[in-house]
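Trainee: Structure below; questions to follow.
The values are calculated or read from the model by the stated rules, or taken from the named source; none is laboratory data. Keep in mind that this is a model prediction, so the values were computed, not measured. Cβ: placed from backbone, ideal geometry, glycine included. Neighbour counts: every protein chain shown. To get the accessible areas, we keep the full protein, side chains included, count just its heavy atoms, and leave off ligands, DNA and RNA. Shrake-Rupley method; radii C 1.70, N 1.55, O 1.52, S 1.80 Å.
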Amino acid sequence: MLAEKFRKIRGLSWRVMDGIFKNMWDYKFVPVEIIARDSGVEEHKVEKVLKSLSDEKLIELKQTEYLGGAFTFLGLSLYSLNRFVRRNVVTMLGEKMGEGKESMIYNCMSEWGEAVLKFHKVGYPSFKKVREKRDYGDLHYTVLMVRSAKNEFNALKKLYGKVSVPKPYGWEGNAVLMELIDAKELYKVKLENPKDVLNYIIEEVREMWRLGIVHGDLSQFNILVSQDGIWFIDFPQAINLNEIESDEELKMAEEILKRDLTNLVNYFKKTYRLYVDASVVVDEVLKSH
Ligand SMILES: Nc1ncnc2c1ncn2[C@@H]1O[C@H](COP(=O)(O)OP(=O)(O)O)[C@@H](O)[C@H]1O
Ligand SMILES: [Mg+2]
């Protein structure tokens with residue numbers, strides 16, 4: 001369905017979307033005039049294109065003193081896909097692998113062979129609330145999707161090679177392209193050696209902390225397991241300790257690490273009757289930074 005919609009979009013529409021993408025950080029709804037200025041498409045044509053994209057549910061229009069356009073999730077996803085396609089990084093879109101509240105996942109062919117394209121659907125309130133409060137008032141929600149994708153890509157880049165995560169290939173708009181992992185979520189698997197697995201997971205979380213990353217949404221749903229290994233996925237909420245600017249922020253990051261580890265320990269307790277003291281684990285991990 002995404003591929004079909006993609007094929008129907010004409011060159012002029014991509015240029016208009018370029019104009020919106022360039023300016024979405026500065027305007028909640030990008031004025032026709034600004035789109036025309038940056039896309040080199042005449043204003044009356046921009047208006048026509050916007051209306052037809054709005055009929056296709058790719059763009060949201062708003063008429064105030066001026067007519068402005070913003071992406072929808074679908075529009076932004078198609079546009080992000082196009083940015084990969086233009087670079088010849090993605091060569092073919094495959095099957096939809098899944099869609100939930102927070103993302104839409106597709107299989108695709110890429111420069112590196114078969115890969116996963118993850119389109120981000122949500123933005124998370126930053127844990128740096130005070131500093132970024134200003135941001136949230138007047139940004140369109142699709143800007144936050146882009147920020148989520150960027151945050152996930154950056155965390156994967158920082159971790160890949162040191163912690164077991166899918167190899168990050170690229171980031172465009174709200175989409176992250178990464179290695180396809182052939183494995184199942186932890187909650188779907190019956191482990192034969194739960195104790196070893198939990199210890200390994202704790203060691204990896206410790207390594208992330210050493211590298212300055214807190215996952216932020218660690219659970220049995222975001223760990224993949226197969227005969228070949230264990231992978232951590234789903235990093236849009238990751239915290240980078242290098243970006244922390246106050247003791248208060250560090251405290252928050254520690255709390256989130258604690259929540260991550262406690263979730264995991266509780267899962268192993270509930271599922272495998274494995275009793276590990278979460279607070280001891282947390283202290284040990286904290287010590288290693
Ligand atoms: N790199 C990957 N390789 C294989 N499957 C993946 C990959 N990334 C995500 N998935 C699949 O898609 C699902 C959702 O991805 P995830 O990153 O957890 O996003 P969400 O925020 O929607 O939970 C995962 O539970 C997993 O089944
Ligand atoms: Mg997930």
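Trainee: Report, in degrees rounded to the nearest 10, the 0 to 90 angle that the Cα long axis of helix 73-86 makes with the longest principal axis of the chain.
Mentor: The angle comes out at about 90 degrees.
Trainee: Using the crude model of +1 on Lys and Arg Cβ and -1 on Asp and Glu Cβ, and no other charge, please compute the dipole size for region 89-179 relative to its Cα centre, in debye to 20. Write out the running numbers ahead of the final one.
Mentor: Details: 15 positive and 11 negative charges, 125 e Å.
About 600 debye.
Trainee: A further question follows. What's the percent breakdown of Cα-Cα distances in the chain across 10 Å bins, shortest bin first?
Mentor: Taking every Cα pair in the chain, the percentages come to 6, 26, 29, 22, 12, 4, 1.
Trainee: Is it possible to state the helix-based mean residue ellipticity at 222 nm for the chain, with each DSSP H run of 4+ residues giving -39500 (n - 2.57), the sum divided by total residues, to the nearest 500 deg cm²/dmol? What is it?
Mentor: Using -39500 (n - 2.57) per qualifying helix, the result is -15000 deg cm²/dmol.
Trainee: Still on this model: Based on the inverse mean of 1/r over its pairs of different Cα atoms, what is the Kirkwood hydrodynamic radius of region 2-71, in Å? It would help to have the intermediate numbers written out before the result.
Mentor: Values: mean 1/r = 0.0849 Å⁻¹.
About 11.8 Å for region 2-71.
Trainee: Can you give the extra length, in nm with one decimal, that the chain gains between ASP247 and MET1 once fully stretched, where that is 0.36 nm per residue apart less the Cα-Cα distance?
Mentor: Gain on stretching ASP247 to MET1: 83.8 nm.
Trainee: Once the Cβ-Cβ distance between TYR187 and TRP112 is put in as r, and R0 is 25 Å, what FRET efficiency do you end up with, to the nearest 0.05? Please list the in-between numbers first.
Mentor: Details: r = 28 Å, r/R0 = 1.14.
FRET efficiency, TYR187 to TRP112: 0.30.
Trainee: Where a Cα-Cα gap under 18 Å defines reach, which lysines qualify for LYS167, not counting those fewer than 8 residues away within the same chain?
Mentor: Correct list for LYS167: LYS118, LYS150, LYS157, LYS158, LYS184.
Trainee: Kindly list the residues of region 250-289 that lie in the label zone of GLU207, defined by a backbone N under 20 Å from the point 7 Å along the Cα-to-C-beta vector.
Mentor: Answer for this model: 257-258, 260-262, 264-265, 281-289.
Trainee: Can you tell which of LEU93, VAL176, VAL163 lies farthest toward the positive end of the dipole of region 89-179, using +1 and -1 charges on the Cβ of basic and acidic side chains (Lys, Arg; Asp, Glu)?
Mentor: Positive-end residue among those listed: VAL163.
Trainee: Given Cβ point charges of +1 (Lys, Arg) and -1 (Asp, Glu) and nothing else, what value in debye, to the nearest 20, does the dipole of the chain about its Cα centre take?
Mentor: Here the chain has a charge dipole of around 500 debye.
Trainee: Here is a follow-up. Sorted by mean Cβ packing within 10 Å, highest first, what order do the peptides 179-190, 44-55, 10-21 take?
Mentor: Values: 179-190: 14.7, 44-55: 17.3, 10-21: 19.8.
Sorting 179-190, 44-55, 10-21 by mean packing, highest first, produces 10-21, 44-55, 179-190.
Trainee: Sticking with this structure for a sec: Find out how many positive minus negative residues lie around TYR200, taking Lys and Arg as positive, Asp and Glu as negative, among other residues whose Cβ is under 12 Å from that of TYR200.
Mentor: -2
Trainee: Rank these by accessible area, largest first, 1.4 Å probe: ILE223, ILE244.
Mentor: Listed by decreasing accessible area, they come as ILE244, ILE223.
Trainee: Same structure again: Going by alpha carbons, how many degrees (0 to 90, nearest 10) lie between the helix axis of 278-287 and the longest principal axis of the chain?
Mentor: 70
Trainee: Rounding to the nearest 20 debye, state how big the charge dipole of region 16-94 is about its Cα centre with +1 on each Lys and Arg Cβ and -1 on each Asp and Glu Cβ.
Mentor: 340
Trainee: Using every alpha carbon pair in region 184-287, what percent of pairs falls into each 10 Å bin from 0 up to the bin containing the largest distance?
Mentor: 15, 50, 29, 6, 0
Trainee: Can you pull the percent of the chain's accessible area that's carbon plus sulfur, 1.4 Å probe, other chains left in place? Please list the in-between numbers first.
Mentor: Details: 7210 of 14880 Å².
C and S fraction of accessible area: 48 percent.
Trainee: Using only the alpha-carbon atoms, how far is helix 194-211 inclined from the longest principal axis of the chain? Give it as 0 to 90 degrees, nearest 10.
Mentor: Taking the Cα atoms of the chain, the angle to 194-211 is about 60 degrees.
Trainee: Turning to a different aspect of this structure: Taking a probe of 1.4 Å, how large is the accessible area per residue of the chain, in Å²? Walk me through the intermediate numbers first.
Mentor: On the way: 14880 Å² over 289 residues.
Heavy-atom SASA per residue in the chain reads 51 Å².
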